[in-house]
Structure formats: C-alpha cells, structure tokens
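Inspection log for the structure reproduced underneath, given as structure tokens.
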Amino acid sequence: MEFRKTKLKDIDQILEIYRQGSESLKRDGVDQWQNEKPDTKTLMTDIEMEESYVLVEDNNVKGTAAVIFGGEKTYDLIFNGMWFNDEEYCTIHRLAVSEESKRKGLAKAMMDEIEKLCKSKGIYSIRIDTHEDNVKMRNFLERSGFFYCGKIFLRSGDLRVAYQKEL
C-alpha cells in the first residue's frame, strides 16, 4: 500500500469512489453527498491546492481524502460544544474508500497515514465533520480516537457534527 498525493491519472478512480460513497449513503438514508458533490471541480481544486491524497494498491486507488493544513473557516463557530483547544490543526474532508475495500481496515490505514503526515509537519490535532445521520462514519471516527465536540454549519448552511483528535 502506498499513501501519496493524488495524480491526474487517479481522477476517474476517485470520482468512482465518490459515486459509490453517494450510493452507499443514499441506501443508508443519509442526506450527504446526494447533490452531485463532491464532483470533478471539487477534486480538481483539492489537487491544485495539493490537499488530495490517495491510498493505492497495485495501481488501484482504494481510498481518498482531502487533507488540509491551515484551518477550516466553517470550524470558526462551533455550537453545543467546543473544540479542545485553539492550536493549529489539520482538517480532513471527503474521506472515502472504494466499495470493495470496505471492512478491510483501509480507512483506518489511511487515517494512520494522515496522522503520520500531521506529525511530520508538527501538527498534533485533527478536526473532521460528518452528517449527523452518518452513523458508520461517526462510529469509525470514535473507534479511531476522535471525540465529538459540537455542531458546525457548512458554507451551504447544512448542519454537521464535528470531531477532534489530539495526537
């Protein structure tokens, strides 16, 4: 397995992972990733900003995530709770694995690699958010050592539950 920055040749495989993720969330009754987002434009912005990463095995993208250093504007206001601290943090968005990779520990492997990347940059805090009804992701985050901190609103106005982990 290799965890690396996304290359242009990975785009089609990542978009397929996004599509699979959207279908899975729809089956679970979660109103997240249902309006054709994330899309090619979002992915291209992540790549241009050098914030898109992939987990690759045998030239096949198994997982993807946007790993952002420098803060997240929508995290400035948190409701019904609070962040652990105001220290510098990494934000993770669009964490997903391919349908055939689910339940094989690859999301955890990707999270472990993100944590290593954070530590290599001297950052010891990670923040992430998800839809309140996305029970699978919320369970994964809690199993991965994240703690619920409160609720935030996306730029779109959609409500999300926010988590943080100290490394």
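The numbers here are math on the coordinates, done by the rules we state, and not lab data. Nothing here was measured: the structure is a model prediction, and the numbers come from that model. Backbone-built Cβ (ideal geometry, glycine too); neighbour counts: all protein chains shown.
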Seminar exercise, completed: Listed by chain and number, the aspartates and glutamates with an alpha carbon less than 13 angstrom from that of Lys119, same-chain partners under 8 positions apart left out, are Glu88, Glu166
Problem set entry | Order of Asp31, Asp46 - criterion: other Cβ atoms within 10 Å of each residue's Cβ, fewest first | Asp31, Asp46
Seminar exercise, completed: By the C-alpha gyration tensor axes a ≥ b ≥ c (rounded if a/c is under 1.5, else prolate when a/b exceeds b/c, else oblate), the shape of region 82-167 is oblate
For this session: Please report Ile68, Ile114 as a ranked list, fewest other C-beta atoms within 10 angstrom at the top and most at the bottom.
Result: Ile68, Ile114
Exercise. So which lysines pass the test for Lys37, namely a Cα distance under 23 Å, with those fewer than 8 places away in the same chain ruled out?
Worked result: Lys5, Lys7, Lys9, Lys26, Lys62, Lys73, Lys102, Lys136, Lys151
Problem set entry | Rounded to whole Hz, the Karplus (6.51, -1.76, 1.60) HN-Hα couplings of region 126-132, x for glycine and proline | 10, 10, 7, 9, 8, 5, 4
Problem set entry | Relative contact order, percent, the chain [alpha-carbon distance under 8 Å, six or more residues apart] | 22 percent
